[in-house]
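Structure, as structure tokens:
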Amino acid sequence: MESLNRMAIELVDEALEYAEELNVGAYELENEATVLDFGVEFDGGLEAGLLAAEIQTAGLATPSRELAELDGAPIPHVELSTDQPALALLCSQKAGWELATDDFEGLGSGPARALVAEEDEFQRIGYTDAFDLTALAVETDEHPTEAAAEQVADFADVETNGVFLLAYPTASLVGSVTNAARAAELATFRLAELGYDPLDVVSASGRAPVAPVAADERAAIARTNDALAYGGTAHLVVREEFDRFDEIPSTAADEHGRPFAEIFEDLEWSFAETPAELFAPAKVTVDVLGGPTHVYGETNESLVADSFDL
């Protein structure tokens, strides 16, 4: 497989070329790392969000959008599909990099993770990337700092002038779009966590509503998680039967049925203590090649509508 980072950088170049049309900005830090502002100060938009999702999946997934109804209200929905789910979703799109320095915090996702390759997914899949340029999408309401770029460069073993950081808050159009694009990733990750070989997932598709931009980060985090756990759906094509497919959707969680704002409040916004089973789409179809097709879970449009304040 060609380098995930090389494929992603081609899309980063597209973002830089069409920054004005996408309502995004770009600037260099003093250490020559490049920051692409997808929502910190710039508005971004639906198209910018789709391109960000494509960069996060290193160009191995196809994101699209449509206007569909949610509990009777027209709301944009994002669908993302890939025939390389292990690489696109687990080795690239997964938000697995807690980027933290003395002057910056953000949650990173994208192909830069594959240059470090220390998370469990990379051992399971057997993939490590090597390239001299890298892209990391960072969910943050702050401007990335030189120290943040240097951490990425150090961990990924590249020069700082080869680091490209896409920055956006959860409370932004790009934040809403890129989170809605995670339904397939969450289903694939959940299945892998249950013990299924991610290399036996042949194809993955997911769809979720795009949350209205909230007034602050906490409200946005709650809304975007509600969109997935109560409004998200996924379809997986797999090679082998498995006796735990019913545990993939969020309906398998004991806390299912409560909005994330309540759950997070009870846990004093300690994300680490949130039941992992909740981070999954609401409904999942699993199609076993040459075998049965399973359907588990159910959506709850009224809860999502309440979360969206419709």
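Just to check your reading of the model, which residue among P85, P76 is buried (at least 21 other Cβ atoms within 10 Å of the Cβ) and closer than 23 Å to R207 by Cβ? Walk me through how you get there before you give the answer.
Values: P76 fails: buried (at least 21 other Cβ atoms within 10 Å of the Cβ).
Going through P85, P76 in turn, just one is buried (at least 21 other Cβ atoms within 10 Å of the Cβ) and closer than 23 Å to R207 by Cβ: P85.
Conditions tested, residue by residue: (1) under 23 Å from V304 (Cα atoms); (2) over 18 Å from the mean Cα position of the chain (by Cα).
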site: T34; (1), (2): no, yes
site: G72; (1), (2): yes, yes
site: L89; (1), (2): no, no
site: W97; (1), (2): no, no
site: E118; (1), (2): no, yes
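Could you tell me whether E193 is closer than 21 Å to T299 by Cβ and out of contact with any Ser or Thr (no Cβ under 6 Å at 6 or more places or on another chain)?
Numbers: closer than 21 Å to T299 by Cβ: no; out of contact with any Ser or Thr (no Cβ under 6 Å at 6 or more places or on another chain): yes.
For E193, the condition - closer than 21 Å to T299 by Cβ and out of contact with any Ser or Thr (no Cβ under 6 Å at 6 or more places or on another chain) - is not met.
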Any idea how many residues of segment 142-178 are surrounded by fewer than 24 Cβ atoms within 10 Å (Cβ to Cβ), out of contact with any helix residue (DSSP H, G or I) (no Cβ under 9 Å at 6 or more places or on another chain) and of a type in the set (G, A, S)? 1
Which of the strands (runs of 3 or more DSSP E) contained wholly in segment 22-71 include at least 1 residues that are among the aromatic types (F, W, Y) and either without any contact (Cβ under 8 Å) to a residue 60 or more places away in the chain or more than 28 Å from D129 (Cα to Cα) (or both)? 25-28
Scanning segment 153-192 residue by residue, those out of contact with any strand residue (DSSP E or B) (no Cβ under 8 Å at 6 or more places or on another chain), within 24 Å of A100 (Cβ to Cβ) and of a type in the set (D, E, K, R) turn out to be D154, D157, E159
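Being surrounded by fewer than 21 Cβ atoms within 10 Å (Cβ to Cβ) and either over 26 Å from L186 (Cβ atoms) or among the hydrophobic types (A, V, I, L, M, F, W, C) (or both) narrows it down to one of E47, E30, E66, so name that one. Please lay out each step first, then the result.
Working: E47 fails: either over 26 Å from L186 (Cβ atoms) or among the hydrophobic types (A, V, I, L, M, F, W, C) (or both); E66 fails: either over 26 Å from L186 (Cβ atoms) or among the hydrophobic types (A, V, I, L, M, F, W, C) (or both).
Unique residue meeting the criteria: E30.
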Looking for whichever is among the small types (G, A, S) and closer than 23 Å to P169 by Cβ here; the options are A215, A276. Which one fits? A215
Members of segment 147-160 found to be in contact with a Ser or Thr (Cβ under 8 Å, 6 or more places away or on another chain) and closer than 20 Å to G25 by Cβ, listed by number: A148, A149, V152
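What's the total number of residues in segment 283-310 that are within 13 Å of F245 (Cα to Cα) and not acidic (D, E)?
The qualifying residues number 11.
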Going through segment 235-253 one residue at a time, which ones are crowded, with 21+ Cβ neighbours inside 10 Å and within 9 Å of G297 (Cβ to Cβ)? I248, P249, S250, T251
Which of the residues belonging to segment 204-261 are farther than 16 Å from L70 by Cβ, among the hydroxyl-bearing types (S, T, Y) and touching a Pro at 6+ places or on another chain (Cβ under 8 Å)? S250
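Return a yes/no flag: does segment 167-177 have any residue that is under 24 Å from R65 (Cα atoms), in a helix (DSSP H, G or I) and touching a Phe, Trp or Tyr at 6+ places or on another chain (Cβ under 7 Å).
The initial filter retains those residues of segment 167-177 that are under 24 Å from R65 (Cα atoms), namely 167-177.
Narrowing the set further to residues that are in a helix (DSSP H, G or I) leaves 173-177.
If we keep only those that are touching a Phe, Trp or Tyr at 6+ places or on another chain (Cβ under 7 Å) as well, we get 174-175.
Scanning segment 167-177, I find at least one residue that is under 24 Å from R65 (Cα atoms), in a helix (DSSP H, G or I) and touching a Phe, Trp or Tyr at 6+ places or on another chain (Cβ under 7 Å), so the answer is yes.
No value in this document is a laboratory result; all are computed from the given coordinates. Since the structure is predicted, the reported quantities are computational estimates derived from the model, not experimental observations. A quick note on method: Cβ atoms are made from the backbone with ideal geometry, for glycine too, and the neighbour counts reach across all protein chains shown.
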